[in-house]
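Peer 1: One structure coming up, written as structure tokens, with questions to follow.
No value in this document is a laboratory result; all are computed from the given coordinates. Remember, it's a predicted structure, so these values are computed and weren't measured experimentally. We place every Cβ from the backbone using ideal geometry, glycine too, and count neighbours over all the protein chains shown.
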Amino acid sequence: MSVATDVMFDPASYDKVRLSLEEAETLPPWCYTSEVYYRAEVEHMFMKVWNLLGRADRIPNPGDFYTVKYVGVPIIFVRGNDGAVHAYSNSCRHRGTRIAVGEGNCKSFVCPYHGWAYGLDGALLAAPGMDKTANFDFADYGLVPLRLETWGGFLFVNFDDDAEPLSDYLGNLPVEMASYGYEDLVLTGHWSYDVACNWKLHIENAMEDYHVPWVHATSLDLKDVQFWNVPTEGNWFDMRECHDGTRALLEEDAHHGFPRISTLKGHAAEGTNFVCVAPSTCLASTTDCVWYIELHPQGPGSTKVNVGACFPKETVARPDFDERVQYYYKRWRRSVGEDNNISAVQQEGLFSPFVTPGRLSTLEPLVRSLGEWWIDWVIDRGAAAEIK
Ligand code: FES
Ligand SMILES: [Fe+2]
């Protein structure tokens, strides 16, 4: 569907998204299909907010690194010799080539094009053939560092030097979720999928249970689960469920469960919190473990879906951990696979020129809340403010 940018960037085009849940419409279809709208999301939202991009315990030793490509930005995360994690733009300071690939351990990063080498602290260490170049100072050509802060062992990058500190951005999330002890959890598994869907479809799906009886008809069971949405302060949303046992196993595998996280208190002890850390990460915390789904947008209709699984240290230390954790991985591969599939099917339908905004069930309040949060950034504070 092609739509004029003056319509796309007019806040009035989104008035019906902001109505009460009973009256609201979904986001206009162009939000899921348009390259122009996607570029506005990147510029006005992703480049300004705190983006959750993995866990520090994925790279425990000096020289351990992993790379991501997030909204077009290639990034290296590396544990330095100083023991701290650093994030760098993964682009050579000579002629821009992407330097590191995948993940691993190294003493330095060497550009594959002409061999410029960078230390774990980002400093340029070697630049062969540059000795006759005038006024060339190695100190001016280190890797470009990116702003990085951590909460609960999660790494957050912000591309905007003027952005508020992470703790302000997260509001009361750290206090509300403190008893999970995220900083002491161990990342035991992570994997990813390339899905032909807009990133918003995947997180909208994660934040409503309306689809569960259809999409997860043979995998997830909602009987004896009560759920409600909890008001939050800061840039996060919470769908809370009350139930017995864990939500991280298929019903047929329930007898393979691990003991509960020993520190849980209050609401955390009573069920599961499906949190969206805005703009796009689903952080699911249940009684015995935590899993998260990071969405890395690659374009308007293409998303890398990254799943991470975390357990308490004492659970990981059990002799039967490796055997029993497979039942958890099985559940996540099954449910995330089903969500990937329906998101791609939804995207296929949204590409029709005949699609119009839809209406919401009262069973999907956070779909409305997320839409409102996104257009605040992309349109009201972003594109529309720029046009004024
Ligand atoms: S582009 Fe990296 S060394 Fe030339
Ligand atoms: Fe789902």
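Peer 1: For the range 167-368, what are the per-bin percents of Cα-Cα distances with bins 10 Å wide, up to the bin holding the maximum?
Peer 2: All Cα pairs, binned at 10 Å, distribute as 8, 35, 38, 16, 3, 0 percent.
Peer 1: For the range 61-147, just run the numbers: alpha carbon Rg, then divide by 2.2 N^0.38 Å, N being how many residues it has. Walk me through the intermediate numbers first.
Peer 2: Values: Rg = 12.6 Å, N = 87, 2.2 N^0.38 = 12.0 Å.
So the Cα radius of gyration is 1.05 times the expected 2.2 N^0.38 Å.
Peer 1: Fewest to most neighbouring Cβ within 10 Å: what's the order for Ile76, Ile59? Intermediate results must be reported in sequence, preceding the final value.
Peer 2: Values: Ile76 25, Ile59 21.
Starting with the residue having the fewest Cβ neighbours, the order is Ile59, Ile76.
Peer 1: Using only alpha carbon pairs under 8 Å that are at least six residues apart, calculate the relative contact order of the range 167-368 and give it in whole percent.
Peer 2: Rounded, it is 31 percent for the range 167-368.
Peer 1: Compute, for the range 266-388, the length of the dipole vector about the Cα centre, with Cβ point charges of +1 (Lys, Arg) and -1 (Asp, Glu) only. Units Debye, rounded to 20. Please report the intermediate quantities before stating the final value.
Peer 2: Details: 12 positive and 15 negative charges, 27 e Å.
Computed about the Cα centre, the dipole is about 120 debye.
Peer 1: Do you know the relative contact order of the range 61-147, to the nearest whole percent, from alpha carbon pairs under 8 angstrom that are 6+ apart?
Peer 2: Working: 176 pairs, mean separation 22.0, N = 87.
Rounded, it is 25 percent for the range 61-147.
Peer 1: Between Glu233 and Lys388, what FRET efficiency comes out of the Förster formula 1/(1 + (r/R0)^6) with R0 = 25 Å and r the beta carbon distance, rounded to 0.05?
Peer 2: On the way: r = 29 Å, r/R0 = 1.15.
It comes out at approximately 0.30.
Peer 1: Using helices alone, what [θ] at 222 nm do you get for the chain, with -39,500 (n - 2.57) per DSSP H run of 4 or more residues, divided over all residues and rounded to the nearest 500? Present the calculation step by step, with values, prior to reporting the outcome.
Peer 2: Numbers: 11 runs with 85 residues, N = 388.
Counting only the DSSP helices, I get -6000 deg cm²/dmol.
Peer 1: Kirkwood hydrodynamic radius of the range 156-279 from all distinct Cα pairs, in Å? Show your work: numbers first, answer last.
Peer 2: Numbers: mean 1/r = 0.0593 Å⁻¹.
Evaluated on the range 156-279, it is 16.9 Å.
Peer 1: Something else: Please give the peptides 176-185, 125-134 ranked by average Cβ packing (other Cβ atoms within 10 Å per residue), highest first, as a rough proxy for protection. Show your work: numbers first, answer last.
Peer 2: Details: 176-185: 19.1, 125-134: 10.5.
Top of the packing list down: 176-185, 125-134.
Peer 1: Also, quick follow-up: Using only Cα atoms, what is the ratio of the radius of gyration of the range 232-321 to 2.2 N^0.38 Å? Don't skip to the end; give the middle numbers.
Peer 2: Values: Rg = 14.8 Å, N = 90, 2.2 N^0.38 = 12.2 Å.
That ratio works out to 1.22.
Peer 1: While we're here: When only Cα pairs under 8 Å and 6 or more residues apart are kept, what is the percent relative contact order across the chain? If you can, show how the numbers build up before the last one.
Peer 2: On the way: 735 pairs, mean separation 84.0, N = 388.
Relative contact order of the chain: 22 percent.
Peer 1: Here is a further query. Suppose R0 equals 56 Å. What FRET efficiency, 1/(1 + (r/R0)^6) with r the Cβ-Cβ distance, do Glu314 and Glu348 give to the nearest 0.05? Write down the numbers at each step before the final one.
Peer 2: On the way: r = 45 Å, r/R0 = 0.80.
Once the sixth-power term is evaluated, E becomes 0.80.
Peer 1: Calculate the translational D of the chain in whole µm² s⁻¹ from Stokes-Einstein, where the hydrodynamic radius comes from the Kirkwood formula applied to all Cα pairs, the temperature is 10 °C and the viscosity 1.306 mPa s. Before the final figure, lay out the partial values.
Peer 2: On the way: Rh = 22.3 Å.
Reported coefficient: 71 µm²/s.
Peer 1: A follow-up question, please. First measure r as the distance between the Cβ atoms of Arg260 and Thr218, then evaluate 1/(1 + (r/R0)^6) with R0 = 25 Å and state the FRET efficiency to the nearest 0.05. Walk me through the numbers before you get to the answer.
Peer 2: On the way: r = 27 Å, r/R0 = 1.07.
Calculated transfer efficiency: 0.40.
Peer 1: Ok, one more. Give me the lysines in straight-line cross-link reach of Lys304: C-alpha distance below 26 Å, same-chain residues under 8 apart excluded.
Peer 2: Lys48, Lys69, Lys200, Lys330
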